[in-house]
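Student: What follows is a structure written as structure tokens; I'll ask about it next.
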Amino acid sequence: MLNVAVVGSGPAGLYAAEALVKQAAALPVPVPVRVDVIDRLPTPYGLVRYGVAPDHKSIKSIAQYLRKVLESPDVRFAGGVHLGEDVTRDDLVSAYDAVIYATGAMRDRRLGIPGEDLPGSYAATDFVNWYCGHPDIDAGAFTLDAESIAVIGVGNVAVDVARILARDPNELHTTDVPQPVLDALHASKVREVHMIGRRGPAHAKFTTKELRELGELPGVELVVHADEADLNAFDLAGEGVAMAESDRRVRGNLVAITKWAQGGAVEPAATGHGRRLTVRFWLRPTEILGAERVEAITLERTAISPDGKFGGTGEFETLDAQMVLRSVGYQSVPLPGVPFDSRASVVPNAQGRVLGEDGAPLPGEYVAGWLKRGPTGVIGTNKSDAAETVRCLLEDLAGGPGEGDVPLPRAGLLRYPDRPPPAAPPEGEWPEGEWPLAGVLAGRGIVPVSYAEWLRIETAEGDLAKALGRGDRVKLHNAEAIWSACRPPAE
């Protein structure tokens with residue numbers, strides 16, 4: 001039996017757990033595997049639950065696929081266990097044959113400009129966590145009393161944030177957005193949302209599907225400045241033209257942006273909430289202005305010179321805004337005791353094998369997801385990424401495919417081994433000796449959240465949705481409510 005701990009129950013961690021079980025069973029000599037998926041939260045699914053916007057139901061449905069991973073007889077969920085507080089790296093390495101770190105990228109990059117810490121200036125991740133009901137963020141953290149909001153960034157997260165701010169909240173009633181958040185969106189005074197990118201439309205990171213959704217918001221006027229949509233206006237090196245010729249995604253984006261710049265966008269409805277969403281390019285923030293809180297933001301026009309140098313032009317404008325949300329990239333944070341490259345914000349690795357200070361792989365330690373490669377790709381990218389890490393792990397520990405061998409197919413093309421589920425202990429109990437960390441955590445008074453207890457939370461959210469008349473699920477809006485559902489107080 002190969003015992004493996006996966007730290008993090010988001011897509012990267014659960015795709016890794018799936019790959020472990022399926023690939024180990026498909027080896028020339030099959031190897032039984034037991035995977036413990038450890039998460040600091042009592043709820044699984046990571047970014048799928050707390051990063052995907054509530055109106056993106058098709059993407060959120062990935063949770064149904066990940067659910068099957070957690071229901072595999074060879075996988076066990078252990079929620080509410082925090083690496084660095086409840087358990088150490090040494091505990092994990094000592095207790096398991098291998099550890100896979102897959103905690104994602106949880107922190108926004110900073111802008112590094114004056115005024116960034118003024119009240120009203122936030123990381124976009126905090127706003128996303130708020131409307132997704134993350135237990136780390138209080139449901140009252142955001143009061144949308146700003147009439148004008150600047151979203152800095154032109155990636156999919158910035159698009160999500162801008163869309164939620166501009167969308168008619170009535171359209172969110174059947175989603176899982178927490179009720180206090182929905183109430184705040186109904187009370188919102190926001191009338192203008194500005195999404196701002198420091199380079200041109202060809203350089204923007206959003207995907208075409210997400211971008212087009214902005215033009216489909218009823219009652220929202222969408223504005224793009226014609227000169228900023230022109231690939232040649234501020235790009236004298238022709239980078240944007242070259243990108244459009246070689247990249248289908250860029251071409252798709254430009255079709256929508258050009259249409260909007262020519263006045264082909266959705267016009268505001270005569271009645272309704274009537275908001276304006278303006279997408280700006282070739283502008284970088286230089287200062288956030290305000291006496292006691294955010295009042296405006298100063299932007300500098302940027303350009304690419306004929307020799308390909310990017311920089312400011314010395315032309316400035318001031319944009320009225322009472323809130324600024326920065327969305328200029330995610331960063332992973334170091335895990336206590338685990339090697340970390342602070343410049344790249346990743347765990348140093350070779351194909352998922354964690355590297356020590358001498359550059360050599362550390363026995364039994366692996367990494368997957370954004371913590372491995374940086375915040376790139378979409379949710380599905382984590383599947384092939386996890387498969388690569390697991391192939392290395394099995395090669396090292398279980399006689400898996402070696403260098404030059406044909407690698408095993410990705411997990412999605414393999415079947416789970418045909419094994420009956422183990423006898424289930426009483427809900428919420430983790431008997432001593434039945435799993436590698438039992439003794440360590442019992443000695444510290446830590447009782448992990450079981451999968452059965454997580455299902456109680458799911459049930460409570462379904463019951464709340466029925467009571468509110470709001471679709472299939474409404475998220476519990478704070479940690480106290482989540483823990484009360486998971487472990488009801490004794491009567």
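Student: When the Cα centres of the stretch 270-335 and the stretch 112-127 are compared, how far apart do they sit, in Å?
Tutor: 12
Student: In deg cm²/dmol, rounded to 500, what helix-only [θ] at 222 nm does the chain give when every DSSP H run of at least 4 residues adds -39500 (n - 2.57) and the total is split over its residues? Let's see the in-between values first.
Tutor: Values: 17 runs with 153 residues, N = 491.
Calculated at 222 nm, the ellipticity per residue is -9000 deg cm²/dmol.
Student: Okay, moving on. What distance in nm lies between label points placed 7 Å from Cα along the C-beta direction at R191 and T459?
Tutor: Inter-label distance under the simple model: 4.9 nm.
Student: With charges set only on the Cβ (+1 for Lys and Arg, -1 for Asp and Glu), what does the dipole of the stretch 264-383 come to about its Cα centre, in debye to the nearest 20? Walk me through the intermediate numbers first.
Tutor: On the way: 13 positive and 13 negative charges, 96 e Å.
My answer is approximately 460 debye.
Student: Are there any helices in the chain, counted as whole DSSP H runs, that stretch 24 Å or more along their axis by Cα and score at least -0.5 on average by Kyte-Doolittle, and if so which?
Tutor: The answer, listed by residue number, is 381-397, 451-468.
Student: Positive end of the dipole of the stretch 1-126, charges at C-beta (+1 Lys, Arg; -1 Asp, Glu), about the Cα centre: which of G115, H82, A105 has its Cα farthest in that direction?
Tutor: A105
Student: What GluC sites (Glu not before Pro) in the stretch 1-98 are in a loop by DSSP, with at most 15 other Cβ atoms within 10 Å of the Cβ? Please list the in-between numbers first.
Tutor: Details: sites: E18, E71, E85; in loops: E71, E85.
Qualifying residues, ordered by number: E71, E85.
Student: Less than 12 Å apart at the alpha-carbon level, and either on another chain or at least 8 residues along: which aspartates and glutamates does that give for K57?
Tutor: D176, D472
Student: How high is the FRET efficiency from K57 to E295, r the C-beta distance, R0 41 Å, rounded to 0.05?
Tutor: On the way: r = 37 Å, r/R0 = 0.90.
Efficiency, rounded to the nearest 0.05: 0.65.
Student: Another one. Determine the percent antiparallel among the DSSP beta bridges restricted to the chain, to the nearest 5.
Tutor: Values: 22 of 63 bridges.
Counting only bridges with both partners in the chain, antiparallel ones make up about 35 percent.
Student: Under unit Cβ charges (Lys, Arg +1; Asp, Glu -1), what dipole magnitude, rounded to 20 debye, does the chain have relative to its Cα centre? Numbers along the way, then the final one.
Tutor: Numbers: 50 positive and 67 negative charges, 212 e Å.
It works out to roughly 1020 debye.
Student: Please turn the phi angles of the stretch 294-304 into ³J(HN,Hα) values with the Karplus equation 6.51 cos²θ - 1.76 cosθ + 1.60 (θ = phi - 60°), one per residue in order, whole Hz, x for glycine and proline.
Tutor: 4, 10, 6, 9, 8, 10, 10, 5, 10, 6, 10
Student: Taking all protein chains together and a probe of 1.4 Å, list S61, S345 from the most accessible to the least accessible.
Tutor: Numbers: S61 60, S345 5 Å².
Most to least solvent-accessible, the answer reads S61, S345.
Student: Please work out the average accessible area per residue across the stretch 186-305, using the 1.4 Å probe convention, and give it in Å². Mind dumping the intermediate values first?
Tutor: Working: 5370 Å² over 120 residues.
About 45 Å² of surface per residue is accessible.
Student: Which whole-Hz ³J(HN,Hα) couplings does the stretch 341-347 yield from phi under the Karplus relation 6.51 cos²θ - 1.76 cosθ + 1.60, θ = phi - 60°, glycine and proline marked x?
Tutor: Ordered by residue, 3J(HN,Hα) equals 8, 5, 6, 8, 6, 9, 7 Hz.
Student: Please give me the summed charge of the neighbours of R473: other residues whose Cβ is under 11 Å from its Cβ, Lys and Arg +1, Asp and Glu -1.
Tutor: On the way: positive: R49, K57, K60, K466, R470, K475; negative: D176, E458, E461, D463, D472.
Charge balance in the 11 Å sphere: +1.
Student: Considering the dipole of the chain built from charges on the beta carbon (Lys and Arg +1, Asp and Glu -1) around the Cα centre, which of L455, S58, G369 is farthest to its positive end?
Tutor: Checking the options against the dipole of the chain, the answer is S58.
Student: How much of the accessible area of the stretch 180-246, probe 1.4 Å, is carbon plus sulfur, in whole percent? All intermediate terms of the calculation are to be shown ahead of the outcome.
Tutor: Numbers: 1480 of 2850 Å².
Looking at the stretch 180-246 in its full context, I get 52 percent from C and S.
Student: Once each part is reduced to its C-alpha centroid, what is the distance from the stretch 13-65 to the stretch 444-491 in angstrom?
Tutor: Distance between centres, Cα-based: 20 Å.
Student: Taking the stretch 256-364, which GluC sites (Glu not before Pro) meet the DSSP loop condition and have no more than 13 other C-beta atoms within 10 Å?
Tutor: Numbers: sites: E287, E292, E295, E300, E315, E317, E357; in loops: E292, E295, E357.
Qualifying residues, ordered by number: E292, E357.
Student: Quick one: Karplus J couplings for the stretch 351-363, per residue in order, coefficients 6.51, -1.76, 1.60, θ = phi - 60°, nearest Hz, x for Gly and Pro?
Tutor: Running phi through 6.51 cos²θ - 1.76 cosθ + 1.60 with θ = phi - 60° gives 6, x, 7, 5, 9, x, 4, 8, x, 8, x, 8, x Hz.
Student: Any chance you could look up the accessible area of R110 with a 1.4 Å probe, heavy atoms only, rounded to 10 Å²?
Tutor: That residue has around 130 Å² of solvent-accessible surface.
Student: Let me ask you something else. Among the trypsin sites (Lys or Arg not before Pro) in the stretch 287-354, which ones are in a DSSP loop with at most 15 other Cβ atoms within 10 Å of the Cβ? Mind listing them? It would help to have the intermediate numbers written out before the result.
Tutor: Details: sites: R293, R301, K309, R326, R343, R353; in loops: R293, K309, R343.
Within the stretch 287-354, the qualifying trypsin sites (Lys or Arg not before Pro) (loop, at most 15 other Cβ atoms within 10 Å) are R293, K309, R343.
Student: Suppose every Lys and Arg Cβ carries +1 and every Asp and Glu Cβ carries -1, with no other charges. What dipole size does the stretch 339-487 come out with about its Cα centre, to the nearest 20 debye?
Tutor: Working: 16 positive and 21 negative charges, 124 e Å.
The calculation lands at about 600 debye.
Student: Roughly how many percent of the accessible protein surface of the stretch 318-424 is carbon and sulfur, given a 1.4 Å probe and a whole-percent answer?
Tutor: Working: 2840 of 5390 Å².
That share works out to 53 percent.
The values are calculated or read from the model by the stated rules, or taken from the named source; none is laboratory data. Treat the numbers as computed from the prediction; the structure is a model and nothing was measured. Because the Cβ atoms are built from the backbone with ideal geometry, glycine has one as well, and the counts that use them run over all protein chains shown. Heavy atoms of the whole protein, side chains included, go into the accessibility calculation; ligands, DNA and RNA do not. Shrake-Rupley method; radii C 1.70, N 1.55, O 1.52, S 1.80 Å.
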